[in-house]
Structures are given as structure tokens and as C-alpha cells.
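Below is one structure, written out as C-alpha cells; comments come after it.
The values are calculated or read from the model by the stated rules, or taken from the named source; none is laboratory data. These numbers were taken from a predicted model, which means no experiment stands behind them. All Cβ positions, even for glycine, are placed from backbone atoms using ideal geometry, and neighbour counts span all protein chains on display. Ligands, DNA and RNA are excluded from the accessible area calculation, which covers all protein heavy atoms including side chains. Shrake-Rupley method; radii C 1.70, N 1.55, O 1.52, S 1.80 Å.
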Amino acid sequence: MKKSIKQGYSSKKGYQVAILLGFIFTTTVFAADPVQHDIRQGEGVTRTTTLSEYFPALTGTPGDTTVYIMDSGIEGGTLLLLGGTHANEIAGVIAAVIAVEKGIVSSGRIIVIPHTNNSASRHNQGTFNPGSPQWIELKNSAGETRRFLYGDRYTQPEDQAVDPEIFIHNPSGMEFKGAEARNLNRNHPGKADGTLTQQISYALFQLVEKEEVDVLIDMHEASVTSRLAFTLVAHPRALEIAAMAKMDLEMNDINMTLEVSSDKFHGLSHREFGDHSNVLAFLTETPNPGMEKSIEHPDVINDPDNPLNMRLQVVLKSILAILDNYKIMNDQKKAITIGFPFPLSDLKNTNPGEFLR
Ligand SMILES: [Zn+2]
């Protein structure tokens, strides 16, 4: 009798330990609240919401992120502008922040997500270069220092179950190394009951459908030595507009390589949004010294060959060139127009912080 009581006690204790461990495990997987960032919305922003509005399962997870809606109130199309799909690719993040803080939309709507994979923005795991920073600092025209997280390519490991040995893309069945399970740009079109990374992608697809997005631009960076360094990628349905945008950019001394989405490589935004929604999908790549392993202490802002202000000019001018040609190829009723209270060429010689609030 005594023995059985003891056994009962220990199995009860074992049960409590199991619950406790389960609790720790569960809270570890979704430990962090969504990271908040210093983004000061300008007069162009008409509404802010969160990605979880489009997919409530993201509420309270580190995958939720702020969505800025800039509605001109004038008939037109809708652009979804994504920064921080890869949170270390800061030209896209800061270009999105400049759009939110200083952009004026005069026709149609622009929806901006500066930190598309907000889990990845929390910490730089040094995926490409252990010498790349955790923060960047930019001084605005009032002399105030603005700080922005320099995140990582991948969803933070603690925000998602342990990587599989081989990550199998849904729905193509294409196989990648396990860590790619945390690469948002290998997880599109996502999965409602999938991992955090798949859910972020799924939420973006819900947003695209609900907001009837016409054009999507996903802003990336590549290593300074990568063949992708100055590239404009387009889904086949968007190729003609991309080709015209490339010619316009050449007249501004910006030489972008034009590439069409491969139909053999899955999970990328331009391929999957183009295939699984009605959007015309584009992706831009600029060269970031922080992604080049051979540079010991990369200066991701003032690198003499590839400074941030040059990369921002390339990204912002690419957006305008795509929108100009979208307007030419479509009914004027679908026009999407954004402008800035400064010439974009001013970015060439100036500290990029001066283009922030
Ligand atoms: Zn990228």
C-alpha cells in the first residue's frame, strides 16, 4: 500500500514535471512579443494596422508586424511594399521607413511593411558575416540619432520548432537544407497551420487578397560580390513592365540586371505571389557589404563602394520606375503614385538620416 502511494505520488510528480516542461517548451517557442521599431509615420499614412488583422493566429507572436496604409483617396491601384523579408538587408528596410515617414501618395494606395519578418529583425545571428552589426545609427536633420535593428536572414530559432534535417517546401515538394524552414523567402505561399515562417507568408497572401493588391515589390540585398547585386527580378506576367523600368533606370545611370522568376525554384515571393495571386510581383537586389564574408568589419552605411545612400537611391528609383510603367501599361484608373519632398538624386551625396523624420 505504502509503495503504491509512493508510486502514485511520483507519477503525479512526473506528470507535473511534464506539464511544467510542456509549459516551458510552449512559452519558449512563442516567447517574444513582436519587436517594436522607431518608425515615425508621416502625413502620407492614413491607417496603421498589424499583419495579424489579416490572419489572427499571428496575434501576440513574434511574427506579427506593423502595416502602414497610405491611401491617397484618389482612384487607383494598390502597391504592397515589403522591407525586411530578410531583416539584415537594410536598404529595403530603410527605404520602407522613408516611404512611411516622408512619402506622399497622390493616386491609389501603398501598403508598406518595413519589417516583413519581424522575428528575424530582433537579433543578428551573423548568418552571413559575424562582423555585421546589431544596430545601425542614422542622424536626422534635427541632429537626433535614429537607431534601427540590423536583423538576420532567418526567423529567430527560438521562435520556431527545431529545424528539420531537410526542409520540404509547401506545396512544390522542393527540398532545401533545414535552416531554410526559417527563411521567409523560401516559404511562400505559406501554410495556415504551419510554422511561424509559413504563417507570416500565409498572412501576407491573405492581405494581398483582402486589400486587392495589384503590384508587389519585395526589397532585398545581396553580397557585393554576388551576381544578384544590382538585379530586378520579375514574375513572367510582370516582365514587360520590369524591362521598361530597367530602361528608365539606365537613363538615370542605374544599371539593373533583369531576371525572370525561374519556374523550377520555389518559395520566392516573385514566383509564388505571381503564381498564386493576381499581383504583378517584383523583387529588387542591391549590394550590401555586410553580406560579404571576406570583409572583416563591414561598414553597412558608409562603405566607399556601396554606401547605404546609393543603395536607397537605387531601390526608391526602382519603385518609381516600376510604378510609372505600370501606369503606362494599365488604365490610368489603376495608377499608383508616390512622391517625396526631396529629389531622390539628393540621396547620392547625403547622409540618409536626413531623409527621415
Ligand atoms: Zn534577401
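So here's what we get for this one:
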{"quantity": "Any hit, segment 166-187, residues being of a type in the set (Gly, Ala, Ser), free of Cβ contacts under 8 Å to residues at least 24 places away in the same chain and in contact with a Pro (Cβ under 8 Å, 6 or more places away or on another chain)", "calculated": "yes"}
{"quantity": "Segment 254-272: number of residues that are among the charged types (D, E, K, R), outside any strand (DSSP E or B) and modelled with pLDDT of 95 or more", "calculated": "2"}
{"quantity": "Criterion (open to solvent by 20 Å² or more (accessible area, probe 1.4 Å) and not in a loop (DSSP other than H, G, I, E, B)) met by exactly one of Asp275, Asp299, Asp305", "calculated": "Asp275"}
{"quantity": "Selected residue [in contact with a Lys or Arg (Cβ under 6 Å, 6 or more places away or on another chain) and farther than 29 Å from Thr49 by Cα] from Met251, Met256", "calculated": "Met256"}
{"quantity": "Which listed residue is within 16 Å of the ligand (Cβ to nearest atom) and either surrounded by fewer than 23 Cβ atoms within 10 Å (Cβ to Cβ) or over 16 Å from the mean Cα position of the chain (by Cα) (or both), from Ala192, Ala222, Ala238, Ala242", "calculated": "Ala222"}
{"quantity": "Residue in segment 139-150 that is touching a strand residue (DSSP E or B) at 6+ places or on another chain (Cβ under 7 Å), within 18 Å of Gly84 (Cβ to Cβ) and either open to solvent by 50 Å² or more (accessible area, probe 1.4 Å) or of a type in the set (Val, Ile, Thr) (or both) present", "calculated": "yes"}
{"quantity": "Top-ranked residue in segment 58-96 [being open to solvent by 50 Å² or more (accessible area, probe 1.4 Å) and closer than 18 Å to Lys210 by Cβ; ranked as nearest to the ligand (Cβ to nearest atom)]", "calculated": "Thr59"}
{"quantity": "Enumeration of residues in segment 164-178 that are among the small types (Gly, Ala, Ser) and open to solvent by less than 10 Å² (accessible area, probe 1.4 Å)", "calculated": "Gly178"}
{"quantity": "Selection status of Ala181, over 26 Å from Thr78 (Cβ atoms) and open to solvent by 20 Å² or more (accessible area, probe 1.4 Å)", "calculated": "no"}
{"quantity": "Ala161, sole failed condition from (1) open to solvent by less than 20 Å² (accessible area, probe 1.4 Å); (2) more than 22 Å from Asp275 (Cα to Cα)", "calculated": "(1)"}
{"quantity": "Filter result for Glu144 (within 16 Å of the ligand (Cβ to nearest atom), at pLDDT 95 or above and of a type in the set (Asp, Glu))", "calculated": "no"}
{"quantity": "Residue match in segment 258-275 (condition: under 18 Å from His86 (Cα atoms), of a type in the set (A, V, I, L, M, F, W, C) and touching an Asp or Glu at 6+ places or on another chain (Cβ under 9 Å))", "calculated": "yes"}
{"quantity": "Among the candidates Asn302, Asn330, residue that is within 22 Å of Val208 (Cβ to Cβ) and out of contact with any Leu (no Cβ under 7 Å at 6 or more places or on another chain)", "calculated": "Asn330"}
{"quantity": "Filter result (crowded, with 18+ Cβ neighbours inside 10 Å and under 22 Å from the mean Cα position of the chain (by Cα)) within segment 247-264", "calculated": "Met256, Ser261"}
{"quantity": "Evaluation of Ser201 against (1) open to solvent by less than 10 Å² (accessible area, probe 1.4 Å); (2) assigned to a helix (DSSP H, G or I); (3) in contact with a strand residue (DSSP E or B) (Cβ under 9 Å, 6 or more places away or on another chain); (4) within 16 Å of the ligand (Cβ to nearest atom) (one fails), failing number", "calculated": "(3)"}
{"quantity": "Conditions (1) within 16 Å of the chain's Cα centre (by Cα); (2) within 16 Å of the ligand (Cβ to nearest atom); (3) within 28 Å of Pro34 (Cα to Cα); number of the one not met by Val233", "calculated": "(3)"}
{"quantity": "Residue among Arg182, Arg186, Arg153 that alone is at pLDDT 95 or above, of a type in the set (D, E, K, R) and touching a Gly at 6+ places or on another chain (Cβ under 7 Å)", "calculated": "Arg186"}
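Every residue, every condition in (1) more than 20 Å from Leu184 (Cα to Cα); (2) among the aromatic types (Phe, Trp, Tyr); (3) touching a helix residue (DSSP H, G or I) at 6+ places or on another chain (Cβ under 6 Å), yes or no:
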residue: Ile74; (1), (2), (3): yes, no, no
residue: Gly92; (1), (2), (3): no, no, no
residue: Ala95; (1), (2), (3): no, no, yes
residue: Ala99; (1), (2), (3): yes, no, no
residue: Ile104; (1), (2), (3): yes, no, no
residue: Ser107; (1), (2), (3): yes, no, no
residue: Ile111; (1), (2), (3): no, no, no
residue: Ser121; (1), (2), (3): no, no, no
residue: Asn129; (1), (2), (3): no, no, yes
